[in-house]
Amino acid sequence: MLDVRPIGIEDYAERCSKPLSALHDKLWVETYSKMHSHKMMVGALEGQFLKMLAAMTGARRILEIGMYTGYSTLAWAEALPKDGRVVTCDINPETAEIAKRYFAESAHGHKIEIKIGPALESLKNVWGPFDICFIDADKENYGAYYEQCIELARPRGLIILDNMLLGGKVLDPADPRTVAVDALNKRIRNDPRVENVLLPMRDGIMLVRKLS
Ligand SMILES: C[S@@+](CC[C@H](N)C(=O)[O-])C[C@H]1O[C@@H](n2cnc3c(N)ncnc32)[C@H](O)[C@@H]1O
């Protein structure tokens, strides 16, 4: 991944931000040691950013597409009120088993509902409105997830899409995955139903606010 920031700047930003819970540290260590794909976790800096977004907007219902081992899911759950809900979708039962153990250990685990299977199928049985929809799964389906989230988000609700810079590859889209993400970035920019900003934080976080 192309990193245009000076070396160490993300670590510095992380050290100057409030840490996530001790349970997050434990989950990070287990995921890092067991999974080759451990870089899929949003990590401490983005996790804290997402958690603050939920707290600042007073979110009560969150939809997540792409749970993995549950790192971002736990961050959402910790920000929600006692009767809040995170509905999270993932296709991988193996990583979901890890997530479930950590949710069981968390005081916020009761807020989490897991849907296993292809997200486009799971979403047929999900009902809005959601205050926040977070898209962090297979890039080829991001466009379809975006349309589903436009339907499921409440008016003035947030849709957040992760990895919208794809390590800088969007500057010169060559493979189908990058072409799809680049096209979606431009589609969102021109979508009259929303306002948006693409933040060059980590791998690019697209913040979208549904207008009505
Ligand atoms: C980048 S990871 C999510 C990381 C997670 N948000 C975190 O912070 O730990 C992407 C996840 O999307 C899931 N995924 C891929 N294709 C999917 C599909 N068609 N439906 C549902 N989940 C899918 C993968 O199994 C993987 O766990």
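The values are calculated or read from the model by the stated rules, or taken from the named source; none is laboratory data. These figures come from a predicted structure and were not determined experimentally. Reconstructed Cβ throughout: ideal geometry from the backbone, glycine too, with neighbour counts over all protein chains shown. Quick note on the areas: whole protein, heavy atoms, side chains included, nothing else; ligands and nucleic acids left out. Shrake-Rupley method; radii C 1.70, N 1.55, O 1.52, S 1.80 Å.
Among all residues of the range 38-52, there is at least one that is at pLDDT below 95, within 13 Å of the ligand (Cβ to nearest atom) and of a type outside the set (A, V, I, L, M).
Residue count for the range 198-209 under the criterion of being in a strand (DSSP E or B) and open to solvent by less than 20 Å² (accessible area, probe 1.4 Å): the result is 3. Of the residues making up the range 1-20, those that are away from the ligand (no atom under 14 Å from the Cβ) and either among the acidic types (Asp, Glu) or under 20 Å from residue 101 (Cβ atoms) (or both) number 4.
Looking across the range 163-197, the residues that are out of contact with any Leu (no Cβ under 7 Å at 6 or more places or on another chain) and open to solvent by less than 10 Å² (accessible area, probe 1.4 Å) come down to 184, 188. With the condition kept exactly as written, say whether any residue in the range 171-193 is of a type in the set (Asp, Glu), touching a strand residue (DSSP E or B) at 6+ places or on another chain (Cβ under 6 Å) and at pLDDT 95 or above. Within the range 171-193, not a single residue is of a type in the set (Asp, Glu), touching a strand residue (DSSP E or B) at 6+ places or on another chain (Cβ under 6 Å) and at pLDDT 95 or above.
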